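Okay, so here's the structure we're looking at.
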Amino acid sequence: MWGGRFAEGPAAVMREINASIPFDKRLWRQDIAGSKAHVAMLAAQGIVTAADADAIGAGLDRIAAEYEADGVPEDLALEDIHMATEARLKDVIGDAAGRLHTARSRNDQVATDFRLWVRDAIDAVEAGLEAFQKALVARAAEHADTVMPGFTHLQSAQPVTLGHHLMAYYEMARRDRSRFADARVRMNECPLGSAALAGTGFPIDRQATAAALGFDRPTANSLDAVSDRDFAIDYLMAAAQAALHLSRLAEEIVLWASQPFGFVALPDAYSTGSSIMPQKRNPDAAELVRGHAGRIQGCLVALMTTMKGLPLAYSKDMQDDKPPVFEAHDLLALSLAAMTGMIETISFRQERMRAAAEAGFATATDLADWLVRVADIPFREAHEITGKAVRLAESERCGLAQLPLEALQAIDGRIDERVYQVLPVEASVAARASFGGTAPEQVRARIAEARTTLGLGE
(Lines give C-alpha, C1' and ligand atoms only; values in the text may rest on other atoms or scores of the structure.)
Protein backbone atom coordinates (compact mmCIF):
# COMPACT_ATOMS: atom_id res chain seq x y z
CA MET A 1 0.00 0.00 0.00
CA TRP A 2 2.72 2.47 0.94
CA GLY A 3 5.76 0.33 0.12
CA GLY A 4 7.30 2.82 -2.32
CA ARG A 5 8.42 5.01 0.56
CA PHE A 6 9.83 2.20 2.72
CA ALA A 7 12.68 -0.20 1.99
CA GLU A 8 11.62 -2.71 4.64
CA GLY A 9 8.29 -4.06 5.83
CA PRO A 10 6.88 -3.39 9.28
CA ALA A 11 7.86 -5.43 12.31
CA ALA A 12 5.46 -8.13 13.40
CA VAL A 13 4.38 -6.10 16.42
CA MET A 14 3.82 -3.08 14.17
CA ARG A 15 1.57 -5.13 11.90
CA GLU A 16 -0.46 -6.20 14.92
CA ILE A 17 -0.79 -2.80 16.60
CA ASN A 18 -1.45 -1.06 13.28
CA ALA A 19 -4.17 -3.39 12.03
CA SER A 20 -7.80 -2.59 12.69
CA ILE A 21 -9.38 -5.32 10.54
CA PRO A 22 -10.36 -7.44 13.60
CA PHE A 23 -12.90 -4.80 14.59
CA ASP A 24 -13.47 -2.46 11.64
CA LYS A 25 -14.63 -5.36 9.49
CA ARG A 26 -18.03 -4.50 10.96
CA LEU A 27 -18.02 -1.54 8.58
CA TRP A 28 -18.00 -3.68 5.44
CA ARG A 29 -21.55 -2.85 4.33
CA GLN A 30 -20.95 0.87 4.78
CA ASP A 31 -17.53 0.64 3.10
CA ILE A 32 -18.96 -1.02 0.00
CA ALA A 33 -21.88 1.42 -0.14
CA GLY A 34 -19.47 4.37 0.06
CA SER A 35 -17.22 2.90 -2.60
CA LYS A 36 -20.11 2.29 -4.98
CA ALA A 37 -21.33 5.86 -4.56
CA HIS A 38 -17.79 7.17 -5.06
CA VAL A 39 -17.06 5.25 -8.26
CA ALA A 40 -20.46 6.14 -9.72
CA MET A 41 -19.64 9.80 -9.15
CA LEU A 42 -16.17 9.40 -10.67
CA ALA A 43 -17.74 7.95 -13.80
CA ALA A 44 -20.39 10.68 -13.99
CA GLN A 45 -17.64 13.28 -13.76
CA GLY A 46 -15.53 11.58 -16.44
CA ILE A 47 -12.72 10.86 -13.99
CA VAL A 48 -12.89 7.11 -14.64
CA THR A 49 -14.38 5.35 -17.64
CA ALA A 50 -17.84 3.88 -17.56
CA ALA A 51 -16.35 0.45 -18.27
CA ASP A 52 -14.06 0.63 -15.27
CA ALA A 53 -16.85 1.95 -13.08
CA ASP A 54 -19.14 -0.88 -14.15
CA ALA A 55 -16.44 -3.46 -13.45
CA ILE A 56 -15.73 -1.95 -10.04
CA GLY A 57 -19.43 -1.84 -9.14
CA ALA A 58 -19.97 -5.46 -10.15
CA GLY A 59 -16.85 -6.52 -8.29
CA LEU A 60 -18.00 -4.76 -5.14
CA ASP A 61 -21.37 -6.51 -5.38
CA ARG A 62 -19.60 -9.85 -5.64
CA ILE A 63 -17.43 -9.06 -2.62
CA ALA A 64 -20.50 -8.01 -0.63
CA ALA A 65 -22.09 -11.37 -1.37
CA GLU A 66 -18.91 -13.13 -0.23
CA TYR A 67 -18.77 -11.14 3.01
CA GLU A 68 -22.44 -11.81 3.65
CA ALA A 69 -21.98 -15.54 3.16
CA ASP A 70 -18.58 -16.17 4.73
CA GLY A 71 -17.66 -13.08 6.75
CA VAL A 72 -14.69 -10.79 6.23
CA PRO A 73 -11.32 -12.55 6.24
CA GLU A 74 -8.76 -11.05 8.60
CA ASP A 75 -5.35 -10.38 7.09
CA LEU A 76 -3.27 -8.13 9.33
CA ALA A 77 -1.03 -7.25 6.40
CA LEU A 78 -3.98 -5.50 4.76
CA GLU A 79 -4.61 -3.49 7.96
CA ASP A 80 -8.28 -2.57 7.63
CA ILE A 81 -11.59 -3.21 5.90
CA HIS A 82 -10.77 -0.64 3.21
CA MET A 83 -7.57 -2.31 2.07
CA ALA A 84 -9.02 -5.80 2.49
CA THR A 85 -11.87 -4.92 0.13
CA GLU A 86 -9.60 -3.16 -2.36
CA ALA A 87 -7.20 -6.12 -2.41
CA ARG A 88 -10.05 -8.55 -2.97
CA LEU A 89 -11.43 -6.27 -5.70
CA LYS A 90 -8.11 -6.48 -7.53
CA ASP A 91 -8.29 -10.27 -7.32
CA VAL A 92 -11.79 -10.16 -8.82
CA ILE A 93 -11.46 -7.55 -11.60
CA GLY A 94 -7.75 -6.90 -12.01
CA ASP A 95 -5.94 -3.58 -12.32
CA ALA A 96 -9.10 -1.52 -12.79
CA ALA A 97 -9.59 -1.91 -9.03
CA GLY A 98 -6.78 0.58 -8.50
CA ARG A 99 -8.92 3.37 -9.97
CA LEU A 100 -11.44 3.14 -7.12
CA HIS A 101 -9.24 5.11 -4.75
CA THR A 102 -8.97 8.09 -7.11
CA ALA A 103 -9.84 11.40 -5.38
CA ARG A 104 -10.27 9.92 -1.93
CA SER A 105 -8.17 8.91 1.08
CA ARG A 106 -8.71 6.34 3.75
CA ASN A 107 -9.21 9.36 6.02
CA ASP A 108 -12.43 10.53 4.37
CA GLN A 109 -13.35 6.94 3.54
CA VAL A 110 -13.37 5.79 7.17
CA ALA A 111 -15.03 9.00 8.34
CA THR A 112 -17.83 8.32 5.85
CA ASP A 113 -18.11 4.62 6.69
CA PHE A 114 -18.22 5.32 10.41
CA ARG A 115 -20.92 7.97 10.04
CA LEU A 116 -22.99 5.57 7.99
CA TRP A 117 -22.56 2.88 10.65
CA VAL A 118 -23.48 5.20 13.51
CA ARG A 119 -26.51 6.40 11.56
CA ASP A 120 -27.65 2.79 11.16
CA ALA A 121 -26.96 2.19 14.85
CA ILE A 122 -29.16 5.13 15.81
CA ASP A 123 -31.99 3.72 13.72
CA ALA A 124 -31.62 0.35 15.46
CA VAL A 125 -31.65 1.94 18.93
CA GLU A 126 -34.68 4.01 17.95
CA ALA A 127 -36.56 0.79 17.17
CA GLY A 128 -35.44 -0.76 20.47
CA LEU A 129 -36.51 2.26 22.50
CA GLU A 130 -39.89 2.30 20.77
CA ALA A 131 -40.46 -1.37 21.64
CA PHE A 132 -39.50 -0.60 25.25
CA GLN A 133 -41.97 2.27 25.36
CA LYS A 134 -44.75 0.10 23.97
CA ALA A 135 -44.12 -2.48 26.69
CA LEU A 136 -44.24 0.22 29.38
CA VAL A 137 -47.46 1.69 28.03
CA ALA A 138 -49.15 -1.70 27.82
CA ARG A 139 -48.32 -2.58 31.43
CA ALA A 140 -49.16 0.94 32.65
CA ALA A 141 -52.63 0.60 31.11
CA GLU A 142 -53.12 -2.64 33.08
CA HIS A 143 -52.16 -0.90 36.31
CA ALA A 144 -53.52 2.64 36.04
CA ASP A 145 -55.40 2.05 39.34
CA THR A 146 -52.87 -0.19 41.11
CA VAL A 147 -51.69 1.55 44.28
CA MET A 148 -48.07 1.34 45.37
CA PRO A 149 -45.84 3.42 47.60
CA GLY A 150 -44.01 6.31 46.01
CA PHE A 151 -40.59 6.89 47.49
CA THR A 152 -38.17 9.67 48.22
CA HIS A 153 -34.86 8.73 49.86
CA LEU A 154 -36.17 5.16 49.42
CA GLN A 155 -38.64 5.95 52.21
CA SER A 156 -42.41 5.77 51.71
CA ALA A 157 -43.51 9.24 50.70
CA GLN A 158 -46.96 9.32 49.06
CA PRO A 159 -49.11 6.69 47.39
CA VAL A 160 -48.86 6.58 43.62
CA THR A 161 -50.17 4.22 40.98
CA LEU A 162 -48.01 1.61 39.34
CA GLY A 163 -49.18 2.92 35.98
CA HIS A 164 -47.85 6.36 36.89
CA HIS A 165 -44.53 4.84 37.97
CA LEU A 166 -44.11 2.92 34.72
CA MET A 167 -45.03 5.97 32.65
CA ALA A 168 -42.16 7.86 34.30
CA TYR A 169 -39.82 5.53 32.43
CA TYR A 170 -41.80 6.09 29.24
CA GLU A 171 -40.94 9.79 29.59
CA MET A 172 -37.26 8.98 30.10
CA ALA A 173 -37.28 6.85 26.95
CA ARG A 174 -39.03 9.67 25.08
CA ARG A 175 -36.16 12.00 25.95
CA ASP A 176 -33.66 9.31 24.99
CA ARG A 177 -35.26 9.01 21.56
CA SER A 178 -35.09 12.78 21.12
CA ARG A 179 -31.36 12.77 21.94
CA PHE A 180 -30.65 10.08 19.35
CA ALA A 181 -32.83 11.91 16.80
CA ASP A 182 -30.93 15.15 17.43
CA ALA A 183 -27.61 13.35 17.03
CA ARG A 184 -28.77 11.83 13.76
CA VAL A 185 -29.71 15.20 12.29
CA ARG A 186 -26.45 16.79 13.37
CA MET A 187 -24.23 14.01 12.01
CA ASN A 188 -25.94 13.63 8.63
CA GLU A 189 -23.22 15.34 6.57
CA CYS A 190 -20.94 13.47 4.19
CA PRO A 191 -17.12 13.64 4.56
CA LEU A 192 -16.47 11.75 1.31
CA GLY A 193 -14.38 13.86 -1.05
CA SER A 194 -12.44 15.60 1.72
CA ALA A 195 -9.56 13.24 0.84
CA ALA A 196 -6.66 13.14 3.30
CA LEU A 197 -7.29 16.58 4.82
CA ALA A 198 -7.21 19.31 2.16
CA GLY A 199 -9.76 18.19 -0.43
CA THR A 200 -8.82 17.02 -3.92
CA GLY A 201 -7.79 18.53 -7.23
CA PHE A 202 -10.13 16.24 -9.18
CA PRO A 203 -13.43 17.78 -10.35
CA ILE A 204 -15.58 15.63 -8.05
CA ASP A 205 -19.25 16.17 -7.22
CA ARG A 206 -19.57 15.93 -3.45
CA GLN A 207 -23.27 16.77 -3.53
CA ALA A 208 -23.86 13.69 -5.67
CA THR A 209 -22.09 11.29 -3.31
CA ALA A 210 -23.76 12.87 -0.28
CA ALA A 211 -27.19 12.41 -1.86
CA ALA A 212 -26.44 8.86 -3.00
CA LEU A 213 -25.56 7.88 0.57
CA GLY A 214 -28.58 9.57 2.14
CA PHE A 215 -26.74 12.50 3.68
CA ASP A 216 -28.31 15.95 3.80
CA ARG A 217 -25.20 17.72 2.50
CA PRO A 218 -21.42 17.40 2.20
CA THR A 219 -19.28 18.53 5.12
CA ALA A 220 -18.12 22.13 4.71
CA ASN A 221 -14.49 21.87 5.86
CA SER A 222 -12.16 19.08 4.79
CA LEU A 223 -9.90 19.40 7.85
CA ASP A 224 -12.83 19.08 10.21
CA ALA A 225 -14.47 16.35 8.14
CA VAL A 226 -11.63 13.83 8.44
CA SER A 227 -10.83 14.58 12.10
CA ASP A 228 -14.34 14.97 13.52
CA ARG A 229 -15.70 12.27 15.80
CA ASP A 230 -18.35 14.41 17.45
CA PHE A 231 -21.00 12.21 15.86
CA ALA A 232 -19.61 9.15 17.65
CA ILE A 233 -19.40 11.02 20.95
CA ASP A 234 -22.97 12.28 20.47
CA TYR A 235 -24.05 8.69 19.97
CA LEU A 236 -22.22 7.55 23.09
CA MET A 237 -23.64 10.42 25.15
CA ALA A 238 -27.17 9.45 24.14
CA ALA A 239 -26.38 5.77 24.73
CA ALA A 240 -24.96 6.49 28.19
CA GLN A 241 -28.07 8.44 29.14
CA ALA A 242 -30.39 5.72 27.85
CA ALA A 243 -28.38 3.08 29.71
CA LEU A 244 -28.57 5.18 32.87
CA HIS A 245 -32.36 5.17 32.63
CA LEU A 246 -32.48 1.43 32.03
CA SER A 247 -30.17 0.96 35.01
CA ARG A 248 -32.51 2.90 37.30
CA LEU A 249 -35.41 0.66 36.33
CA ALA A 250 -33.19 -2.40 36.67
CA GLU A 251 -32.28 -1.33 40.20
CA GLU A 252 -35.94 -0.99 41.08
CA ILE A 253 -36.69 -4.46 39.71
CA VAL A 254 -33.84 -5.88 41.80
CA LEU A 255 -35.30 -4.23 44.90
CA TRP A 256 -38.90 -5.13 44.10
CA ALA A 257 -37.98 -8.78 43.51
CA SER A 258 -36.28 -9.09 46.91
CA GLN A 259 -38.21 -10.77 49.72
CA PRO A 260 -38.43 -7.62 51.92
CA PHE A 261 -40.22 -5.81 49.08
CA GLY A 262 -41.93 -8.67 47.29
CA PHE A 263 -43.56 -6.33 44.77
CA VAL A 264 -42.82 -8.49 41.72
CA ALA A 265 -42.29 -12.06 40.66
CA LEU A 266 -39.76 -12.42 37.88
CA PRO A 267 -40.41 -14.89 35.06
CA ASP A 268 -38.11 -17.88 34.70
CA ALA A 269 -36.91 -16.55 31.35
CA TYR A 270 -35.21 -13.55 32.97
CA SER A 271 -33.99 -15.16 36.19
CA THR A 272 -31.26 -17.57 37.25
CA GLY A 273 -30.80 -19.93 40.15
CA SER A 274 -27.99 -20.71 42.54
CA SER A 275 -25.49 -23.53 42.32
CA ILE A 276 -25.81 -24.17 46.07
CA MET A 277 -29.10 -22.60 47.26
CA PRO A 278 -32.03 -24.27 45.50
CA GLN A 279 -34.58 -21.73 46.70
CA LYS A 280 -32.94 -18.79 44.94
CA ARG A 281 -34.43 -16.86 42.02
CA ASN A 282 -31.89 -14.22 41.10
CA PRO A 283 -32.73 -11.11 39.02
CA ASP A 284 -29.59 -11.52 36.93
CA ALA A 285 -31.00 -9.94 33.77
CA ALA A 286 -31.78 -6.74 35.67
CA GLU A 287 -28.40 -6.81 37.40
CA LEU A 288 -26.59 -7.18 34.08
CA VAL A 289 -28.53 -4.26 32.58
CA ARG A 290 -27.44 -2.25 35.61
CA GLY A 291 -23.85 -3.36 35.06
CA HIS A 292 -23.89 -2.63 31.35
CA ALA A 293 -24.66 1.02 32.10
CA GLY A 294 -21.27 1.45 33.72
CA ARG A 295 -19.50 -0.10 30.77
CA ILE A 296 -21.35 2.15 28.32
CA GLN A 297 -20.41 5.21 30.33
CA GLY A 298 -16.82 3.96 30.23
CA CYS A 299 -17.00 3.78 26.44
CA LEU A 300 -17.99 7.44 26.33
CA VAL A 301 -15.13 8.46 28.59
CA ALA A 302 -12.68 6.36 26.56
CA LEU A 303 -13.47 8.07 23.26
CA MET A 304 -13.59 11.56 24.75
CA THR A 305 -10.19 10.94 26.33
CA THR A 306 -8.79 9.73 23.02
CA MET A 307 -10.02 12.82 21.17
CA LYS A 308 -9.27 15.52 23.71
CA GLY A 309 -5.59 16.02 22.81
CA LEU A 310 -5.53 15.49 19.05
CA PRO A 311 -4.43 18.32 16.75
CA LEU A 312 -5.93 18.62 13.28
CA ALA A 313 -6.28 16.59 11.22
CA TYR A 314 -6.18 12.78 11.35
CA SER A 315 -4.02 10.91 13.88
CA LYS A 316 -3.71 7.15 14.24
CA ASP A 317 -5.15 7.39 17.75
CA MET A 318 -8.48 7.75 15.98
CA GLN A 319 -8.29 4.15 14.88
CA ASP A 320 -9.40 3.41 18.45
CA ASP A 321 -12.63 5.35 17.94
CA LYS A 322 -14.68 2.39 16.81
CA PRO A 323 -14.29 -0.30 19.54
CA PRO A 324 -15.99 1.78 22.27
CA VAL A 325 -18.87 2.68 19.95
CA PHE A 326 -19.30 -0.92 18.83
CA GLU A 327 -19.19 -2.15 22.43
CA ALA A 328 -21.66 0.45 23.68
CA HIS A 329 -24.07 -0.27 20.84
CA ASP A 330 -24.02 -4.01 21.47
CA LEU A 331 -24.53 -3.57 25.20
CA LEU A 332 -27.34 -1.06 24.78
CA ALA A 333 -29.16 -3.25 22.26
CA LEU A 334 -28.90 -6.20 24.63
CA SER A 335 -30.03 -4.13 27.61
CA LEU A 336 -33.05 -2.78 25.74
CA ALA A 337 -34.09 -6.25 24.62
CA ALA A 338 -33.72 -7.66 28.13
CA MET A 339 -35.56 -4.82 29.83
CA THR A 340 -38.38 -4.88 27.30
CA GLY A 341 -38.77 -8.61 27.84
CA MET A 342 -38.82 -8.22 31.61
CA ILE A 343 -41.45 -5.49 31.53
CA GLU A 344 -43.63 -7.54 29.19
CA THR A 345 -43.53 -10.67 31.37
CA ILE A 346 -43.03 -9.56 34.98
CA SER A 347 -45.84 -10.24 37.48
CA PHE A 348 -46.79 -7.39 39.81
CA ARG A 349 -48.02 -8.35 43.28
CA GLN A 350 -50.70 -5.74 43.68
CA GLU A 351 -51.81 -6.58 47.22
CA ARG A 352 -48.24 -6.44 48.49
CA MET A 353 -47.76 -3.05 46.86
CA ARG A 354 -50.98 -1.70 48.33
CA ALA A 355 -50.12 -2.96 51.79
CA ALA A 356 -46.72 -1.29 51.58
CA ALA A 357 -48.39 1.97 50.53
CA GLU A 358 -50.60 1.82 53.62
CA ALA A 359 -47.80 0.86 55.98
CA GLY A 360 -45.61 3.94 55.65
CA PHE A 361 -48.04 6.71 56.69
CA ALA A 362 -47.99 7.70 53.03
CA THR A 363 -51.24 9.69 53.33
CA ALA A 364 -49.76 12.10 55.89
CA THR A 365 -49.53 14.81 53.22
CA ASP A 366 -53.22 14.28 52.49
CA LEU A 367 -53.99 14.95 56.16
CA ALA A 368 -51.91 18.12 56.08
CA ASP A 369 -53.57 19.24 52.85
CA TRP A 370 -57.01 18.57 54.35
CA LEU A 371 -56.18 20.74 57.38
CA VAL A 372 -55.19 23.56 55.03
CA ARG A 373 -58.09 23.14 52.62
CA VAL A 374 -60.96 22.37 55.03
CA ALA A 375 -59.88 23.69 58.43
CA ASP A 376 -58.14 26.80 56.99
CA ILE A 377 -54.93 26.12 58.92
CA PRO A 378 -51.61 27.50 57.59
CA PHE A 379 -49.55 24.74 56.03
CA ARG A 380 -46.64 24.93 58.47
CA GLU A 381 -49.04 24.50 61.39
CA ALA A 382 -50.84 21.72 59.52
CA HIS A 383 -47.46 20.05 58.98
CA GLU A 384 -46.79 20.05 62.73
CA ILE A 385 -50.26 18.70 63.56
CA THR A 386 -49.82 15.92 61.01
CA GLY A 387 -46.41 15.04 62.44
CA LYS A 388 -48.00 14.55 65.84
CA ALA A 389 -50.67 12.33 64.29
CA VAL A 390 -47.99 10.23 62.60
CA ARG A 391 -46.12 9.88 65.88
CA LEU A 392 -49.31 8.74 67.59
CA ALA A 393 -50.13 6.22 64.85
CA GLU A 394 -46.58 4.89 65.04
CA SER A 395 -46.86 4.37 68.79
CA GLU A 396 -50.25 2.69 68.36
CA ARG A 397 -48.88 0.53 65.51
CA CYS A 398 -51.67 1.48 63.14
CA GLY A 399 -52.22 3.60 60.07
CA LEU A 400 -53.51 7.16 60.09
CA ALA A 401 -56.89 6.00 58.80
CA GLN A 402 -57.17 3.64 61.80
CA LEU A 403 -56.72 6.37 64.43
CA PRO A 404 -60.04 7.08 66.18
CA LEU A 405 -61.53 10.55 65.72
CA GLU A 406 -61.21 11.40 69.40
CA ALA A 407 -57.48 10.71 69.26
CA LEU A 408 -57.08 13.04 66.26
CA GLN A 409 -59.23 15.72 67.95
CA ALA A 410 -57.05 15.46 71.04
CA ILE A 411 -54.19 16.60 68.81
CA ASP A 412 -56.26 19.40 67.24
CA GLY A 413 -59.95 20.05 67.82
CA ARG A 414 -60.50 21.39 64.32
CA ILE A 415 -60.30 17.87 62.89
CA ASP A 416 -63.67 16.27 62.18
CA GLU A 417 -64.98 13.05 60.64
CA ARG A 418 -64.59 14.36 57.09
CA VAL A 419 -60.86 13.73 57.40
CA TYR A 420 -61.45 10.00 56.84
CA GLN A 421 -62.46 10.75 53.26
CA VAL A 422 -58.85 11.60 52.37
CA LEU A 423 -56.87 9.08 54.42
CA PRO A 424 -57.34 5.87 52.36
CA VAL A 425 -54.59 5.34 49.79
CA GLU A 426 -57.10 5.19 46.92
CA ALA A 427 -58.43 8.62 47.92
CA SER A 428 -54.90 9.95 48.06
CA VAL A 429 -54.00 8.92 44.52
CA ALA A 430 -57.38 10.05 43.16
CA ALA A 431 -56.81 13.51 44.66
CA ARG A 432 -53.54 13.99 42.73
CA ALA A 433 -55.42 14.97 39.58
CA SER A 434 -53.27 17.91 38.49
CA PHE A 435 -51.77 17.57 35.01
CA GLY A 436 -49.08 14.91 35.13
CA GLY A 437 -50.23 13.66 38.53
CA THR A 438 -50.73 10.10 39.72
CA ALA A 439 -54.55 10.08 39.69
CA PRO A 440 -55.80 7.20 37.52
CA GLU A 441 -57.64 9.63 35.25
CA GLN A 442 -54.39 11.50 34.62
CA VAL A 443 -52.45 8.28 34.09
CA ARG A 444 -55.00 7.11 31.52
CA ALA A 445 -54.81 10.47 29.75
CA ARG A 446 -51.02 10.23 29.48
CA ILE A 447 -51.30 6.63 28.27
CA ALA A 448 -53.76 7.71 25.57
CA GLU A 449 -51.34 10.40 24.42
CA ALA A 450 -48.48 7.90 24.39
CA ARG A 451 -50.51 5.39 22.39
CA THR A 452 -51.19 8.06 19.78
CA THR A 453 -47.52 9.02 19.65
CA LEU A 454 -46.52 5.38 19.24
CA GLY A 455 -49.12 4.76 16.54
CA LEU A 456 -51.03 2.27 18.67
CA GLY A 457 -54.46 3.83 18.16
CA GLU A 458 -57.07 4.12 20.88
Notebook entry, point to check: Pairing the Cα long axis of helix 364-373 with the longest principal axis of the chain, what angle in degrees results, from 0 to 90 and rounded to the nearest 10?
Noted result: 70
Check: Which peptide among 413-421, 116-124, 432-440 comes first, and what is the full order, when sorted by highest mean count of other Cβ atoms within 10 Å?
Finding: 116-124, 432-440, 413-421
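Quote to one decimal, in nm, the extra length available between ALA220 and LEU392 on full extension: 0.36 nm per residue of separation minus the C-alpha distance between them. Mind showing how you got there, number by number?
Numbers: separation 172, 0.36 × 172 = 61.92 nm, distance 7.15 nm.
Here the segment from ALA220 to LEU392 would lengthen by 54.8 nm.
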Margin query: As a test question: what accessible area, to the nearest 10 Å², does LYS90 have when a 1.4 Å probe is rolled over all protein chains in place?
Written below: 110
Notebook entry, point to check: How many percent of the alpha carbon pairs in the chain exceed a separation of 28 Å?
Noted result: 63
Check: Residue farthest toward the positive end of the dipole of region 315-413, with Cβ of Lys/Arg at +1 and Asp/Glu at -1: which of PRO324, SER335, LEU403?
Finding: LEU403
Notebook entry, point to check: For the residue pair ARG444 and ASP123, what label-to-label distance in nm results when each label sits 7 Å from Cα along the Cα-to-beta-carbon direction?
Noted result: 4.0
Check: Is it possible to state the helix-based mean residue ellipticity at 222 nm for the chain, with each DSSP H run of 4+ residues giving -39500 (n - 2.57), the sum divided by total residues, to the nearest 500 deg cm²/dmol? What is it?
Finding: -20000 deg cm²/dmol
Check: Roughly what angle does helix 379-396 make with the longest principal axis of the chain, taking Cα atoms, 0 to 90 degrees, to the nearest 10?
Finding: 80
Note to self: Given R₀ = 35 Å, what would the calculated FRET efficiency be for ASP54 paired with LEU456, taking r from the Cβ atoms and rounding to 0.05?
What the structure shows: 0.15
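Mind ranking 341-347, 293-299 by how tightly packed they are, going by the mean number of other C-beta atoms within 10 angstrom, highest first? Before the final figure, lay out each step's value.
Working: 341-347: 17.7, 293-299: 19.7.
Peptide ranking by packing, descending: 293-299, 341-347.
Roughly speaking, to the nearest percent, how much of region 335-458's 1.4 Å accessible area is carbon and sulfur?
It is 50 percent, rounded to a whole number.
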Check: So what is the relative contact order for region 264-400, in percent, with contacts set as C-alpha pairs under 8 Å and at least six apart?
Finding: 24
Note to self: What distance in nm lies between label points placed 7 Å from Cα along the C-beta direction at ARG174 and ALA44?
What the structure shows: 4.1
Notebook entry, point to check: Residue farthest toward the positive end of the dipole of region 25-147, with Cβ of Lys/Arg at +1 and Asp/Glu at -1: which of ILE81, ALA55, ALA131?
Noted result: ALA55
Notebook entry, point to check: Within the accessible area of region 153-273, what % is carbon and sulfur when the probe is 1.4 Å and the other protein chains stay in place?
Noted result: 53
Checklist line | Cross-link reach list, lysines versus LYS36, counting only Cα pairs under 30 Å and skipping chain neighbours closer than eight places | finding: LYS25, LYS90, LYS316, LYS322
Checklist line | For ALA157, residues with placed amide H under 5 Å, excluding near neighbours | finding: GLY150, PHE151, THR152
Checklist line | Value of relative contact order over the chain, rounded to a whole percent, pairs C-alpha under 8 Å and six or more apart | finding: 16
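With +1 on the Cβ of every Lys and Arg and -1 on the Cβ of every Asp and Glu, and nothing else charged, how large is the dipole of the chain about its Cα centre, in debye rounded to the nearest 20?
360
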Notebook entry, point to check: With the other protein chains left in place, how much accessible area per residue, in square angstrom, belongs to the chain at a 1.4 angstrom probe?
Noted result: 47
Next item on the list: Give the angle, between 0 and 90 degrees and rounded to the nearest 10, that separates the Cα long axis of helix 440-453 from the longest principal axis of the Cα atoms of the chain.
Entry: 10
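The values are calculated or read from the model by the stated rules, or taken from the named source; none is laboratory data. Fair warning: this is a prediction, and the values are worked out from it, not measured in the lab. Don't worry about glycine lacking a Cβ; one is built from the backbone with ideal geometry, like all the others, and counts go over all protein chains shown. The protein model used for the area step is the full one, side chains on, heavy atoms only, and it has no ligands, DNA or RNA in it. Shrake-Rupley method; radii C 1.70, N 1.55, O 1.52, S 1.80 Å.
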